[in-house]
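Below is one structure, written out as structure tokens; the observations come after it.
The values are calculated or read from the model by the stated rules, or taken from the named source; none is laboratory data. Computed from a predicted structure; not experimentally measured. With ideal geometry, Cβ positions are generated from the backbone for all residues, glycine too; neighbour counts draw on all protein chains shown. These accessible areas exclude ligands, DNA and RNA; they are computed on the full protein's heavy atoms, side chains included. Shrake-Rupley method; radii C 1.70, N 1.55, O 1.52, S 1.80 Å.
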Amino acid sequence: MILGSHVSFGSSQLLGSTKQALSYGANTFMFYTGAPQNTIRKPLDDNLTKEALALMQEEGIDIKNVICHAPYIINLANKENYDAWQFSINFLKQEIKRVAILGVKYIVVHPGNYLKQDLMVALDNIAMALNEILNNDYDVMILLETMAGKGTECGKNLGEIKFIIDKVKYKDKIGVCLDTCHLNDSGVDIAKFDDYLTEFDNIIGINKIKCLHLNDSKNIIASHKDRHANIGYGTIGFDNLINCLYNPRLSNIPKILETPYIEEYAPYKYEIKMLKEKVFNPNLENDVKNS
Ligand code: FE
Ligand code: FE
Ligand code: ZN
């Protein structure tokens with residue numbers, strides 16, 4: 001099982017992220033190369049990268065399972081604000097270069113928000129942007145994340161994701177990241193996750209799924225809200241999330257927790273423990289606070 005959580009990428013960069021992941025008992029992780037809310041990025045420090053890769057090798061973390069997440073403010077859908085659209089394209093081009101240096105293979109991107117445009121125009125804009133970004137220069141794949149459909153989010157169902165992927169030229173450079181909270185909030189019944197995977201396979205092809213964000217949801221199915229809950233503490237529930245995590249059709253892809261902090265403490269060490277043991281921890285809050 002390849003299981004980790006999102007971690008920070010602070011002043012010690014990939015080395016800090018790796019140490020944080022190891023402290024949670026994880027064998028992979030997801031990071032933002034800077035703050036998720038902005039696009040300010042510091043240059044990579046080669047020594048820190050080398051040290052991180054050595055530590056990962058020692059501890060059994062395969063860099064091929066490590067995921068990068070693009071910042072939220074990137075919007076490939078809105079070409080009406082042409083400067084911002086072009087900025088998003090250029091930022092992702094740079095980001096692909098940066099993660100390629102680290103040896104990272106996957107970067108998760110939210111497809112974008114259509115805002116005042118027609119949805120179909122927006123989906124076209126996303127595909128057009130991806131065709132400007134992707135080429136064969138780097139061995140990095142963009143993963144479109146399945147979204148909750150909050151506000152004007154694109155990518156809230158398989159039809160929209162398929163529409164985009166069909167228009168992308170470099171098919172081996174585009175994949176999908178499933179997010180269980182977003183799926184639930186978009187209207188997918190996670191209790192029938194296997195049916196969803198079958199549908200995904202029929203429409204897009206299951207081999208396109210390269211990452212799973214494993215989160216519970218604070219809201220009911222089809223709420224279009226996108227508020228993550230701790231594992232077993234939301235409307236999806238522990239058993240359904242266990243079934244996603246252990247689904248044999250997704251056995252070789254990384255699974256990433258993006259559940260909320262409990263006060264100022266990361267819950268991941270305890271969530272990973274209960275997921276590995278397949279036993280729900282009703283004292284998560286106290287365990288996390290007392291650690
Ligand atoms: Fe995301
Ligand atoms: Fe996610
Ligand atoms: Zn989310």
Answer residue from the range 129-158, given it is in a strand (DSSP E or B) and open to solvent by less than 10 Å² (accessible area, probe 1.4 Å) and is nearest to residue 217 (Cα to Cα) among those: 145
Number of positions in the range 112-128 that are part of a helix (DSSP H, G or I) and among the small types (Gly, Ala, Ser): 2
Residue in the range 249-260 that is at negative phi, assigned to a helix (DSSP H, G or I) and either at pLDDT 95 or above or crowded, with 18+ Cβ neighbours inside 10 Å (or both) present: yes
Test: residue in the range 214-224 that is buried (at least 17 other Cβ atoms within 10 Å of the Cβ) and aliphatic (A, V, I, L, M): yes
Test set (1) in contact with a Ser or Thr (Cβ under 8 Å, 6 or more places away or on another chain); (2) buried (at least 17 other Cβ atoms within 10 Å of the Cβ) - residue 210 fails condition number: (1)
Odd one out for residue 1, checked against (1) in contact (Cβ under 8 Å) with a residue 60 or more places away in the chain; (2) surrounded by 15 or more Cβ atoms within 10 Å (Cβ to Cβ): (2)
Count of the range 49-87 residues which are assigned to a helix (DSSP H, G or I) and either touching a Gly at 6+ places or on another chain (Cβ under 8 Å) or over 14 Å from residue 128 (Cβ atoms) (or both): 17
Number of positions in the range 3-36 that are among the polar types (S, T, N, Q), part of a loop (DSSP other than H, G, I, E, B) and over 15 Å from the mean Cα position of the chain (by Cα): 3
Scope the range 21-43; condition open to solvent by 40 Å² or more (accessible area, probe 1.4 Å) and more than 19 Å from residue 74 (Cα to Cα); matching residues: 22, 23, 27, 43
Complete set of residues in the range 75-95 that are in contact with a helix residue (DSSP H, G or I) (Cβ under 8 Å, 6 or more places away or on another chain) and open to solvent by 10 Å² or more (accessible area, probe 1.4 Å): 75, 78, 79, 93
When residues of the range 257-291 are limited to those that are within 19 Å of the chain's Cα centre (by Cα) and among the hydroxyl-bearing types (Ser, Thr, Tyr), the one nearest to residue 238 (Cα to Cα): 259
Any hit, the range 141-157, residues being of a type in the set (A, V, I, L, M, F, W, C), touching a helix residue (DSSP H, G or I) at 6+ places or on another chain (Cβ under 9 Å) and more than 16 Å from ligand 1 (Cβ to nearest atom): no
The range 44-73, subset open to solvent by 10 Å² or more (accessible area, probe 1.4 Å) and under 19 Å from residue 175 (Cβ atoms), residue farthest from the chain's Cα centre (by Cα): 62
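Based on this model, can you work out whether residue 212 counts as out of contact with any Phe, Trp or Tyr (no Cβ under 6 Å at 6 or more places or on another chain), more than 21 Å from residue 65 (Cβ to Cβ) and either modelled with pLDDT under 95 or within 15 Å of ligand 1 (Cβ to nearest atom) (or both)?
Taking the combined requirement at face value, the residue does not satisfy it.
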Total residues in the range 181-200, condition assigned to a helix (DSSP H, G or I), open to solvent by 10 Å² or more (accessible area, probe 1.4 Å) and without any contact (Cβ under 8 Å) to a residue 40 or more places away in the chain: 4
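I need a count of the residues in the range 261-277 that are acidic (Asp, Glu) and part of a loop (DSSP other than H, G, I, E, B).
2
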Residue 110 within 16 Å of ligand 3 (Cβ to nearest atom) and touching a Ser or Thr at 6+ places or on another chain (Cβ under 7 Å): no
